[in-house]
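All of the numbers you see were taken from the coordinates with simple rules; none came from a lab. Please read these numbers as outputs of a predicted model, since none were measured by experiment. Quick reminder, even Gly has a Cβ in these numbers, built from the backbone with ideal geometry, and neighbours come from all protein chains shown.
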Amino acid sequence: MDTYKEIIPLILPGLTITLKVLVASVALAISVAFVAGLARLSRFALVRKITAVYVELFRGTSLLVQLFWIFFALPAFGIQFSPFLASVVALGLNYGAYGSEVVRSAILAIPNGQTEASIALNMTRWQRMRLVILPQALRIMLPGFGNNAIELLKGTSLVSLITLTDLTYKGLIIQNNNLSYTFPVFVVLLLFYFIIALPLIFGVRKLEKNASRGVAKA
Amino acid sequence: MSLGLMEKQLNNQQVADQEQALVKYENVKKQFGDNEVLKGLNLAIQPGEKVALIGPSGSGKTTIIRMLMTLEKPTSGVITIGGEPLWHKKVGEKLVPADEKHLRRLRTDIGMVFQHFNLFPHMTILRNVTEAPIHVLGLSKEEATERAVDMLNKVGLGDKLDAYPEQLSGGQKQRVAIARAVVMRPKVMLFDEVTSALDPELVGEVLQVIKDLAEETDMAMILVTHEMDFARDVADRVVFLHNGQIEEQGKPSEILENPKSERLQSFLSRFLA
């Protein structure tokens with residue numbers, strides 16, 4: 001027990017960093033997901049193509065390599081990010097690409113009759129999306145977004161590799177300094193990640209329940 | 001058909017005609033892939049006129065009203081509403097394909113009720129009916145609510161304002177859908193087989209609402225229907241379509257009781273059982 005009492009305060013600052021990275025990159029990922037998801041359904045072919053390239057590029061390459069690119073390779077082009085910003089940008093763009101597929105497929109899942117009814121009521125394109133399609137699509141998106149958020153949380157452990165002192169980084173330092181702590185350190189890490197994930201799991205479940213009202217086919 | 005040809009047709013048309021007819025189809029063709037659904041339709045609808053479209057499935061009747069609602073684009077030909085081409089815009093003397101702005105302006109005059117209701121499931125009944133008046137017509141919330149409640153009372157659903165569509169029966173949903181279209185006060189209302197998706201015992205209540213509406217408003221109506229008694233009661237004119245063409249049309253009594261063509265006779269005989 002004493003070992004754990006010693007380890008936990010040392011790891012806690014890392015927890016704060018992990019939470020900060022998580023919150024910031026979830027916010028970025030959701031924004032990117034909506035912009036890219038809508039852009040993939042644009043009526044302009046060029047917009048659709050450019051977005052498709054972005055999505056496939058970020059889904060098709062490793063998150064770790066993307067992190068390294070943004071942190072180590074971009075400075076060669078004169079673009080320099082702090083470790084925190086590089087982490088948020090890489091995680092946000094990567095999970096935003098996955099999220100855009102969630103947004104796109106949820107919008108496509110809304111029956112065409114809904115669009116036709118809103119055309120018949122003479123709504124503008126944007127009104128159709130904002131008043132009719134998106135509110136219904138959001139409910140379909142929730143489980144997908146929840147899964148992505150949990151995946152993103154786990155992905156944050158990679159930011160230790162670009163010198164950000166997150167939960168994993170702190171743990172590795174303690175374990176390096178005292179190899180006999182190896183077991184307790186990894187127990188604590190496991191528990192901390194799970195504790196962060198729990199509210200995400202339950203939060204999404206609750207949101208889904210609240211939003212299920214009136215989803216049935218009209 | 002080239003746009004030049006369409007232009008000629010439009011110019012050849014008699015001016016008096018243009019002023020009279022609310023809706024006019026001129027040599028309108030519609031093709032889905034290799035399948036020609038409409039083969040040069042000519043049809044004019046006068047303001048306030050109630051027209052029933054009957055015919056076997058695949059005869060093109062639903063396509064006719066879907067093109068007017070701008071849900072389907074004609075392959076060729078011109079549809080006019082209030083004398084203005086719907087799918088085309090006049091730029092000088094030329095007709096060019098209409099843009100969204102043009103379509104939105106002309107759509108103001110057109111409303112539609114669908115076979116499968118297409119109510120908005122995430123909104124209460126009241127909001128289903130007030131949403132477009134507020135956001136499209138720019139009415140205040142109070143005005144829109146007043147108009148909506150008034151109309152929902154008329155269709156007998158004044159006690160369901162806060163319910164969600166999933167809590168209603170099919171007949172009730174369709175009555176909400178009718179109210180939702182009517183509060184926009186279009187000049188022509190389109191009804192696309194509005195009782196086909198309903199259980200038989202719910203058909204009557206919906207037809208009654210439409211009959212009442214037909215009697216008390218001066219909206220024109222185009223009704224695609226398989227209910228022959230209803231067509232007789234409501235319509236000023238019945239149009240029988242076969243294979244993408246008008247086979248026979250006239251007063252309901254003539255068409256339904258003294259059909260001339262063999263096809264109409266055999267079509268009607270199926271409803272006499």
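Annotations
- For B:Glu247, the residues whose amide H sits under 5 Å from its own are B:Phe240, B:Leu241, B:His242, ignoring neighbours fewer than 5 places away on the same chain, with H placed 1.01 Å from N.
- Inter-chain shielding of A:125-136 (mean C-beta neighbours from other protein chains, 10 Å cut-off): 3
- Residue by residue along A:112-119, Cβ atoms of other protein chains within 10 Å of the local Cβ number 6 on average.
- The lysines whose alpha-carbon is closer than 18 Å to the alpha-carbon of A:Lys5, local same-chain residues fewer than 8 away aside, are A:Lys170.
- With respect to chain A, whose longest principal axis is taken over its alpha-carbon atoms, helix A:134-155 is tilted by about 20°.
- Ranked by the mean number of other Cβ atoms within 10 Å of their residues, highest first, the peptides B:66-73, B:31-38 fall in the order B:66-73, B:31-38.
- Relative to the longest principal axis of the Cα atoms of chain A, the long axis of helix A:2-39 makes an angle of roughly 20 degrees.
- In chain A, helical runs assigned H by DSSP with n ≥ 4 each contribute -39500 (n - 2.57); averaged across all residues and rounded to the nearest 500, the mean residue ellipticity at 222 nm is -25000 deg cm²/dmol.
- Highest-MSF residue in chain A out of A:Leu164, A:Leu190, A:Leu91 [GNM, Cα springs under 10 Å]: A:Leu190
- Residues in the stretch A:84-92 carry Karplus couplings, in order, of 4, 5, 4, 4, 5, 5, 5, 5, x Hz; the curve used is 6.51 cos²θ - 1.76 cosθ + 1.60 with θ = phi - 60°, and Gly or Pro positions show x.
- Cα-based helix-to-principal-axis angle, A:182-211 vs chain A, degrees rounded to 10: 20 degrees
- ³J(HN,Hα) computed for each position of the stretch B:81-88 - Karplus, 6.51 cos²θ - 1.76 cosθ + 1.60, integer Hz, glycine/proline x: 10, x, x, 9, x, 7, 8, 10
- Taking a ≥ b ≥ c as the square roots of the eigenvalues of the Cα gyration tensor, an a/c ratio of 1.5 or more together with a/b no larger than b/c marks the stretch B:52-170 as oblate.
- Sorting A:Ile195, B:Ile65 by the number of Cβ atoms found within 10 Å of their own Cβ, with the fewest placed first, yields A:Ile195, B:Ile65.
- Distant-in-sequence amide contacts of B:Val113, defined by a placed amide H-H separation under 5 Å and a gap of 5 or more residues or a different chain, comprise B:Leu190, B:Phe191, B:Asp192.
- Residues whose amide H falls under 5 Å from that of B:Val37, counting only those 5 or more places apart or on a different chain, are B:Lys30, B:Gln31, B:Phe32, with hydrogens built in the peptide plane.
- For the stretch B:153-237: rounded, prolate or oblate by the Cα gyration tensor [a/c cutoff 1.5]: oblate
- Label-point gap, in nm, between A:Ala73 and A:Ser31 - each point 7 angstrom along Cα→Cβ: 2.5 nm
- Between A:Leu85 and B:Val91, the C-beta separation translates, for a Förster distance of 60 Å, into a calculated FRET efficiency of about 0.70.
- Taking chain A and dividing mean pair separation by its residue count, relative contact order in percent (alpha carbons under 8 Å, at least six apart): 29 percent
- Theoretical gain in end-to-end length, A:Tyr4 to A:Lys20 [0.36 nm per residue, Cα-Cα removed]: 3.4 nm
- Cα gyration tensor shape of chain B, rounded if a/c is under 1.5, else prolate or oblate by comparing a/b with b/c: oblate
- Short to long, the 10 Å bins of the Cα pair-distance histogram for chain A hold 8, 27, 29, 20, 11, 4, 1, 0 percent of all pairs.
- When only Cα pairs below 8 angstrom with a gap of at least 6 residues are kept, chain B shows a relative contact order of 24 percent.
- Relative contact order of the stretch B:119-185, taken over Cα pairs closer than 8 Å and 6 or more residues apart, is 47 percent.
- Of A:Lys209/B:Lys173; B:Lys24/B:Lys260; B:Lys24/B:Lys89; B:Lys61/B:Lys160; B:Lys61/B:Lys187; B:Lys101/B:Lys187, pairs whose Cα-Cα distance is over 27 Å: B:Lys61/B:Lys160
- For the pair B:Lys101 and B:Gln245 in one chain, pulling the backbone fully straight at 0.36 nm per residue adds 48.7 nm over the alpha carbon distance.
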